Each structure stands twice: as structure tokens, then as C-alpha cells.
Amino acid sequence: MTASEMKNAILHHLVYTLGKDAAHAKTYDWRMALSFAVRDQIVDRWFEATRRTYAEHRKRVYYLSLEFLIGRLLKDAVINMRLEEAVQDALDALKIDWHELLEDEPDAALGNGGLGRLAACFMESQATLGLPAMGYGIRYEHGLFRQSFEDGRQVEEPEDWLSQTHAWEFVRPEVAIDIGFGGHVQEIGSRANWYPSEMLIAMAHDTPVIGWKGRWGNTLRLWESRPMHGFDLARFNRGDYAAAAEPEALARTLSRVLYPDDHTEQGKELRLKQEFFHTAASIRDIIRRFESEYDDLKLLPKKAAIQINDTHPAIAGPELVRILHDERGMDFEEAVGIARNTISYTNHTLLPEALETWGEARMGRLLPRHMQLIDRIDDLHRRETGTGHVNAHQDGKVHMGTLGFIMAHKVNGVAALHTELQKTTVFKDLHELHPDRIVNQTNGVTPRRWLLSCNPRLASLITEGIGDGWVDHAEDLEKIEPLVADPAWLDRYAAAKKANKVDLSNWIAETMEIGVDPDAIFDIQVKRIHEYKRQHLNLLETIAHWQEIRDNPNAGWVPRVKIFGGKAFPNYIYAKDMVRLANDMARVMNSDPLTSRYLKVVFPPNYNVSLAERLIPAADLSEQISTAGKEASGTGNMKLTLNGALTIGTLDGANVEIRELVGAENFFLFGMTAEEVMARRAEAGHAARAIAEDHRLARALEAIRSGIFSPDEPGRYHSITENLSHHDYFMVCSDFTDYWRAQREVDTAFTDPKDWARKAALNTARAGWFSSDRTIRGYMKDIWHTDAAPQVADAAE
Ligand code: 4GP
């Protein structure tokens, strides 16, 4: 597409789709017009992919996830369709600022963190690889809350990405699926009819997901809940306005908000309803599509692979069995076999409190037939394995992890260490019964968004050196290794990083009014705020470092900017205290005349995908400091490595594999191993001992206690200091000394800029394996048993 064709397409949509005269058009109008013009380019390719999938009777992959953290879509689409030049030139001709349009797009935050972002990377990689696939999620009206700070405290406001038209979706009113809850069951022999007492409708909204060079397009189908019976006109006419609107409002609550993950108690019932709503609608849609092509349900596992992203859609097993057995008349055992061979399950966490359970009373009331089927599935599983002690329904609860495991042919962990730990902890018993079921698929991230799009300076330097093959074969990044030996090239690598840091410094100055030195170490910890991720370990080290600088301000310190980003769940008080402490520290330290040249603390609010795209390219140091054995994988660690940040980290999650690939000498390792953590935890008084043995740690804790950071309320962080001194489940104190040591190694290494640049470049060169293309190929081979389709021709540049 030429620039002038693009310009005409934009103007056409401005006038005929948006009904705006160019003379009065605002940023929003131009962004929408541009989005529609780009979307038009995608549609034919998207259709073509679907047509081929049907024509060739391809197996389809269905990715069921309660979260898709997709972020903004415009730049993604422009880059993958290779329309950058045409768009730039067209907008120049129209005198419209491209970056302003990009910034105007709402960030679709339909997820909480890693699990949701992984789903988004997977969708993009599936499309890039030409794998016929479909993502199923919920079209939450309000995504993850918007975070702001008031006096350093986190304040949550509703996020409202749908208050404007969503440019990328197509509404499918004809795809409307009835979903029931409650009611009663009438058993007829082995089978049953379920008569729900409450009904609503799941309506589909489709967003095309286009792969690199537009070679293939898949669909992200998001369900919106709608009332079965609309507005009650009779009541309205009687003047009972609120009651007339009530059924509608109730039905709509189901897709209204994204739940903070299941560490929380709140809204349990609504959460379970969301899960069933999402899963039942998706399974029905899958069966409908299958039956439009084939008439033998036994073929299902050959033609469809259903991946459940964590336990949230784990009711898929019983629901599929219900359809096959109750509705289609298939024998029960055969139905279980077919369902199991179709479904596979990804586990994302080892935190026991995050493994979902539902009380049998609630489950029995909302899903009476499913409750019966779960008992029969357990019964069959006991017979198959000759054992009585592993049941999904146990101790008055339904254990969704166990249900997911029993109803899947493969269960996977998301990094090598996590997968091994699954076998010895959460799924120990099940693993002994099914030793072939657990497999590993180490996570990955899409190099299109997380290098090509977010870091154009580095991306073009790489492409200039080795061509653009790396964009869809990220392993090719290793071809830059010979260039790393060339000092002139390395200077350019360092210059690209520096320019990114200058951009970020300017943004920090403009938006937060904090001046930071672009020559300082940009030390970044971005992720949800959680004790296991240990932002407080980083904060304690920051305090200790600040104190040492104060002791001796002229000792030639290596300047640092500590950058934090992340949200704390609204009712996770401890995490919110960590956020406030960081902000309180920032206030005190950034205005300290003795130290502020050497140490700044910056915590931009509302960390989301777009902010990640801004921060990651500017990072020198990536903080991956979770308690070993707690972080399943991490994916931020991969993005930062790819963008040339060196990691300071524990042997946890994918850090282990990152370190192996980039080389131990290019990674700052510290801390106990998962085994050591378990052993140390069993020792009484481990925290007190660690504090007694490290005067820096003791002094940093004392500083918090003394109220230096909260003079108006000295006891503000009592719960943090008490917890760390006496309990410290996440081993912050026991790992402090070694973390301090590693941080000083970082300082020393940074004083040799050439060597630092070399290490950084080697991180980029060796991070290609962490592409989600590699991960998806792994799922295709080991779990889905499927091939990619021959792709549509490349979109021309
Ligand atoms: C996350 C894990 O905490 C993270 O280690 C992993 O990289 C990511 O999933 C993707 O696999 N888990 C969640 C969650 O986001 O909500 O449990």
C-alpha cells in the first residue's frame, strides 16, 4: 500500500465511518480512521486463513484463558502488516502526529499479569507461525484497575477502555450462546437433563490477530454477557424504572470486571460464574464449529486441541463430558476419554493459595449437573488408577488443579524448574499415577512487540547487521555475536541504549518532575507487587545503599536510578504497604542533597503493557529477585534480557535457563536455591539470625521503624518490619547479604562501560530462544500434535 492510498483510506474512514470533517477531527477521530484503514488491510488475509483452515480440514487449537493482556493494538498491526512507512508518510502529509495517535489508544488490560500477557504473546506467535488457532476470553468492560498515588498510597480507579469504540473488534450478534446456572437435574439412567433456573447469553466479539508480515490471521473471540430477556416494558410502564432495568444489569455484571486473581476471597460466586460462562460458551462454540465440518465426535481430539490457561477454565472437562454424554448420547467412559484427549492444562503457579478450590455447596448449587459429573470422573479415575486418595472432589471442596490434571492428556509447567517442582510438590501424587503427563514448555515472548516494536533503535541496528530474519527466527539473534567483538559496533549498541535512557529520562522529568541522570544505572523492577517477588528486598537494599552514601558522600558512588512499576491487589494490604514505602522513600531520597546525585527512586504509576514498552528498552539492570521456588517462570525477565538488560536474580523460574543461555559471567546471581530455601525455612529464628549477622540490614530495618520515611506516622510500616524480623516466610532477610554483595558487583561492572555493553549485547544475542514462537512450536509438537498451515503470501513493505 502506498502512502497516498493510505492517506485516502484514512480520509475515507474519517468521513464515512466516523462522520467527521477533517477540519474538525480530533486525535480520537484520526486514530480511529487510521485504525480502520489498517484493519481493512488485515481482513482479507484473515478470511483467507479461515478459508484455508476449512478447505484443508486443519486441526485447530483453542486457547481458553480468562485473561488476555493485549495492550494497545494499532502499532502491532501496522508493524506486522509492514505498513510503517506508508502510515508515517500518510500522516506526515495530513500533518498528524503518529506518536500522538499511538498514545491515544486505550491499553486493553484484560489481565492481571504474566499469565494474561503470555496468552497475548501466544496469540501473536500462533498467527506468525500460521497455526490455525483461536483465543477465547471475556470482554471485560473494565480491565485491571487504573493505579494512581495519593500521598504515596495506591488508589484504584476503574479502567474503562470500552468507553470509546474498540476499533479492532467485529461484533457477532448472531453468535449468541445460551448459558445456564442453578436449577435442577433430572436423571434418566446414566444420563441427565439439566434445567437451569437462570439463563443468560454469551455474545461474541471478534478481534483479528495478524502475524508477522501478515502471513496468517487468527481470531481472539471475547464473550460479552447479555440478558436473555431484555428490558421489562410492563414494569417500566408501571413506573417501576429500576426494577425494569434490573435483569439486564444483573446479566451484564458477568462481563463487567476483571477479577484480581484468585488469591482473593471477594466475589467468589461471581468469579465462578464468570469461569463457567466463559468456558461453556467457548466449548459450545468449538463443538458447533466441529459439527459443521465433521459428523463423528470421536474425531474431536484429532481436529481440536483445547488448551486451558491455568485452572480458571478447568470446568471445560466436565462441560465437554456433559455435552458428549448427556446431550449427544456418548457412553460416559468414552466421553471422558475424548474430552481428556482434547484438553490439556497449563499450570502457572506453585503458590498453594493460588490453586483454586470451590466449595461443594456453591458448586452444587450453581452447577448441579457438573458436580455429579465431577464425582463420576473421580470415580472413574479411582478405578483406572486403582487408588482412592487423589480426588478432585475432596474435603468438601472441588480442587480445580486436580480436576484440570485428571481431565487433561498433558499438563505443563512454564519453566524447567517449575515443571520439576510440580512433580515433587503440588502434583506429586498425580505425577506418580501419571508419570508421562507432566511436560515442560518454558515460556517465551513475542520478539515483534518486545524488540522490533518497543525498541526501534536496537532493532534497526540488529537488522542492519544481520538482516531481518531474526524477527521470525529469533534464534538468529546469535548472529550478532561476531559483531559484539567489533568495538565500533558495540559503541553503536551502547548508543542505542543511551538514547533510550535519555528518552525515558525526559519522560520521567515531564510526567513526574524528577530529574534522573541518563548515565546512571537504570535498575528496573517491574511486575505485580507481591511478597514472593520481593520488592521489599530491593527497597531494603536501596535504604542500606542510601545510608552508606550518606555516611560517606564523596566516595565516588556509581549513580543509580531505581525504577519500580507494578500494581498491588486492592485488598492485599501488605503489598500496598510496599508500594507506599517505595513512594515514601522516593520522596525522602530524591530530595536528599547528600545523596540524590547518586541515588533516585522512581515509581511511575499505573504499570501496564504500554509502560512496559517504554521502560524495558531503557533498562540496564533487570531485578528478578523472587524467593527461589516461587516464581513459576517470569516473562518480564525475558523481555529485559532481549533488550540488553543484565539480570540480577535468584535461581528461580526461567532465570535458571536465562543464566544458562547468556552465560553465568553475564548474569548477577545471588541467593539461596529452592532447596536451601526449604531447609532454611525450617530453622527456627532464621530471620532474627540474619538480621543479627548483617549490620546493614539491621540498620535499614531500623530506619523504617524510626519513621524517617513516614515522619507523620512513624508506625506506618510496622507490619512490614515485624513480619520481616520474626516470620519472613519469603526469606528476605536470609537473602539480603548475598543480594547486597551482588549489587556491589553490579556497581563495579558498570564502571567499565565497554565491558558492560559487551555483556548487554551478549544478553540480546543469546535471548532468541525465549521467543514465544519457540514455545508455541513446543506445544504443537508435544501437546497439540498439530502442524502449521502453508501461509498466505507476505504483505509487501
Ligand atoms: C504467572 C507466574 O507468576 C509467572 O511466573 C509466569 O511467568 C506467568 O504466569 C506466565 O506463565 N502467573 C500468573 C497468575 O500470572 O495469575 O497466576
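The values are calculated or read from the model by the stated rules, or taken from the named source; none is laboratory data. The model shown is predicted, which means the values in this text are computed figures rather than measured ones. Note that each Cβ is placed from the backbone with ideal geometry, even for glycine, and that neighbours are counted across all protein chains shown. Accessible surface areas use protein heavy atoms only, side chains included; no ligands, DNA or RNA. Shrake-Rupley method; radii C 1.70, N 1.55, O 1.52, S 1.80 Å.
Does segment 102-132 hold any residues that are of a type in the set (S, T, N, Q) and modelled with pLDDT under 95, and which are they? Show your work before the answer.
Quick first cut of segment 102-132, residues of a type in the set (S, T, N, Q) only: 112, 125-126, 128.
Within segment 102-132, 112 is the sole residue that qualifies.
Rundown of residues vs (1) of a type outside the set (A, V, I, L, M, F, W, C); (2) open to solvent by less than 30 Å² (accessible area, probe 1.4 Å), yes/no style:
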position	(1), (2)
19	yes, no
22	no, no
64	no, yes
89	yes, no
93	no, no
101	no, yes
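May I ask you to list the residues in segment 501-538 that are among the acidic types (Asp, Glu), within 22 Å of the chain's Cα centre (by Cα) and not in a helix (DSSP H, G or I)?
Start the filter on segment 501-538 by keeping residues that are among the acidic types (Asp, Glu), which leaves 503, 510, 513, 517, 519, 523, 531.
Okay, now just the ones that are also within 22 Å of the chain's Cα centre (by Cα), so 523, 531.
Residue satisfying the conditions is 523 alone.
Among the residues of segment 478-523, which ones are open to solvent by less than 60 Å² (accessible area, probe 1.4 Å) and either on the phi > 0 side of the Ramachandran plot or touching a Ser or Thr at 6+ places or on another chain (Cβ under 6 Å) (or both)?
516, 518
Do the conditions hold for residue 610, that is, is it within 13 Å of the ligand (Cβ to nearest atom) and either farther than 26 Å from residue 496 by Cβ or touching a residue at least 24 places away in the same chain (Cβ under 8 Å) (or both)?
no
Name the residues in segment 686-717 that are within 24 Å of residue 151 (Cα to Cα) and without any contact (Cβ under 8 Å) to a residue 12 or more places away in the chain, would you?
702, 706, 707, 711, 712, 713, 714, 715
Assess whether residue 49 counts as being within 30 Å of residue 279 (Cα to Cα), away from the ligand (no atom under 16 Å from the Cβ), touching a residue at least 40 places away in the same chain (Cβ under 8 Å) and assigned to a helix (DSSP H, G or I).
Yes.
Restricting attention to segment 333-342, does a residue exist that is open to solvent by 30 Å² or more (accessible area, probe 1.4 Å), more than 30 Å from residue 122 (Cα to Cα) and not β-branched (Val, Ile, Thr)?
Checked against the condition, which is being open to solvent by 30 Å² or more (accessible area, probe 1.4 Å), more than 30 Å from residue 122 (Cα to Cα) and not β-branched (Val, Ile, Thr), segment 333-342 yields at least one hit.
Filter segment 648-667 for residues that are crowded, with 24+ Cβ neighbours inside 10 Å and either more than 16 Å from the ligand (Cβ to nearest atom) or touching a residue at least 40 places away in the same chain (Cβ under 8 Å) (or both) and give the result. So that I can check it myself, show each step before the final result.
Within segment 648-667, the first condition is being crowded, with 24+ Cβ neighbours inside 10 Å, and the residues that meet it are 648-650, 652-655, 658.
Scanning segment 648-667 gives 648, 650, 652, 653, 654, 658.
On the basis of being within 16 Å of the ligand (Cβ to nearest atom) and without any contact (Cβ under 8 Å) to a residue 24 or more places away in the chain, does residue 271 make the cut?
Spelling it out, residue 271 is indeed within 16 Å of the ligand (Cβ to nearest atom) and without any contact (Cβ under 8 Å) to a residue 24 or more places away in the chain.
Residues in segment 406-437 that are within 16 Å of the ligand (Cβ to nearest atom) and open to solvent by less than 10 Å² (accessible area, probe 1.4 Å): how many?
Count: 9.
Name the helices (runs of 4 or more DSSP H) wholly within segment 218-319 that hold at least 3 residues that are closer than 29 Å to residue 162 by Cα and open to solvent by less than 50 Å² (accessible area, probe 1.4 Å)?
Working: elements: 233-237, 241-253, 268-293, 300-303.
The helices (runs of 4 or more DSSP H) meeting that bar are 241-253, 268-293.
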